[in-house]
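Notes to accompany the following structure.
Bear in mind these aren't lab numbers, they're just calculated from the coordinates by the rules spelled out. Bear in mind that the values here come from a model prediction, so they are computed numbers and not experimental data. Cβ placement follows ideal geometry from the backbone for every residue including glycine, while neighbour counts extend to all protein chains displayed.
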Amino acid sequence: MLSITKDITIEKLEGLYYQLNSYQDEKIDITLPNKIETYEFSLLFSLVQFFATWVRKTNSGNLYLPITEDEISNYLNNNEFAYPLIVLSWEKSIFNNRGVDIKKNIKEPSKEYFKQMDFFNLKLYNVPIYCFDFDKSNRGVAKSLYIDKYTVFPEDGLGFNLFPAYQKVGSFNSSIFRQNITKDLDSITAIIHELFFNTHEHAKTDEIGNYLYPNIRAIHLKFHKKKIKNFKDIYENFKGLESYFESEFNLNPQNELYLLEISIVDSGPGLVKRYAGISDLNQLNTSQEVNYIKECLYRHNTSSDISVSDTKGIGLDRVLQTLDKKGFIRIKTGRVDIVRDVKTLNYEHHNNASDISLFDWKTNSDNNFSSYPESTGTLISIFYPLTFNS
């Protein structure tokens, strides 16, 4: 059995990937904790991506929750990791800490959770928005993102729909929200629209066009508020973030840096499989995988079968442009985990995709990329600094 512990980190999650791969025919059960102590940058959706990888394993087993039957609602409402992981595991048996199958007891609390999520009424300041394409009812589609089950809102409509979500994230200090974040909302909405529209187009089916079951596509908005030194201490093992926190930021009056995390995750085939049209990543080496991601970031490329036009395939390039001189982006897909500090190394449109600079998440090398156990889908996490008035 694999255990998600309350002190889980991205580094510890990496170790669980290796454990996951070490099982051969033996069934792999997973147990969840009572809580997770801290949510570092990208951690929540890294956990979702890990669960999506586990679920797709032919020998994935059952899910165990550390609760009794009458604690389900509190468990969902007090732990932002619980709902997406439980729904992804819905085809599994779900046991409590006494070995009792409690799936039937979870149905109504989970419906209520989705309803509250859809209206941005969850207990925490952070805002998750989940879409589950395998849900046969419209309950699996977030009303803030979709006009109907098949049509994503255009960018201006999405900005209007998400304004309550931005208010929710900023409700820890509404005056800060009104005075500062509002000038960044158009850019934030542009990033979310580009990334989510990509998942809508490319993450519901596998690399050969078969619909995926189960399947999740989701957005997470979260504020991180700390002094620069504290950020440096937390992420000291991730060299890709060193230069980012060494650069100049516009801080609040308490010398704190406010960063908005925008994370998008899906359980599709992943950028490389989708773009390359292959089902086995063992056909590629790590550098080739990174090169395919560069192709995805290149302005006029697309994995669509239709003709390339000026408006197709530019989503990820536009995200880099929007983050120029401000943001940081992490992309975990397939067997690679790469980053780009667009604040320190500014955006530049290249004539060749191979000239795009990407860096390893752990080592910050741009030519020696670590190879990780394969993960399902694509995780993109962004740090976007809040603009403060002088």
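Could you state the number of Å between the C-alpha centres of region 319-382 and region 1-60? About 23 Å separates the Cα centre of region 1-60 from the one of region 319-382. Note on region 1-123: the alpha carbon radius of gyration divided by the globular reference 2.2 N^0.38 Å gives 1.03. Work out, in µm²/s and without decimals, the Stokes-Einstein translational diffusion coefficient of region 125-390 at 10 °C, 1.306 mPa s, Rh from Kirkwood over C-alpha pairs. My calculation gives 83 µm²/s for D. Note on D25/T5: beta-carbon distance plugged into 1/(1 + (r/R0)^6) with R0 of 22 Å gives a FRET efficiency of 0.30. For region 221-231, putting each phi into the Karplus relation 6.51 cos²θ - 1.76 cosθ + 1.60 with θ = phi - 60° gives couplings of 10, 8, 8, 10, 10, 7, 6, 3, 4, 5, 4 Hz, in residue order, rounded to whole numbers and with x for Gly and Pro.
Multiplying the residue separation of Y18 and S171 by 0.36 nm and subtracting their alpha-carbon distance yields 51.2 nm.
Using the beta-carbon distance between L251 and N368 and R0 = 35 Å, what value does 1/(1 + (r/R0)^6) give for FRET efficiency, to the nearest 0.05? Efficiency for this residue pair is about 0.55. Over the chain, with a Gaussian network built from C-alpha contacts below 10 Å, which listed residue (H193, H349, H220) shows the highest mean-square fluctuation? Largest GNM mean-square fluctuation: H349.
When the Gaussian network model of the chain links Cα atoms closer than 10 Å, the mean-square fluctuations of I188, I94, I234 top out at I234. For the chain, the relative contact order works out to 16 percent when only alpha carbon pairs closer than 8 Å and six or more residues apart are counted. With kT/(6 pi eta Rh) evaluated at 37 °C and eta = 0.692 mPa s, and Rh the Kirkwood radius from Cα pairs, region 182-273 diffuses with a coefficient of 208 µm²/s according to Stokes-Einstein. Span-like helix criteria (full DSSP H runs; alpha carbon extent of at least 24 Å along the helix axis; mean Kyte-Doolittle hydropathy of at least 0.0) are satisfied in the chain by 185-202.
Between E155 and S354, the simple label model (points 7 Å from Cα in the Cβ direction) yields a spacing of 3.2 nm.
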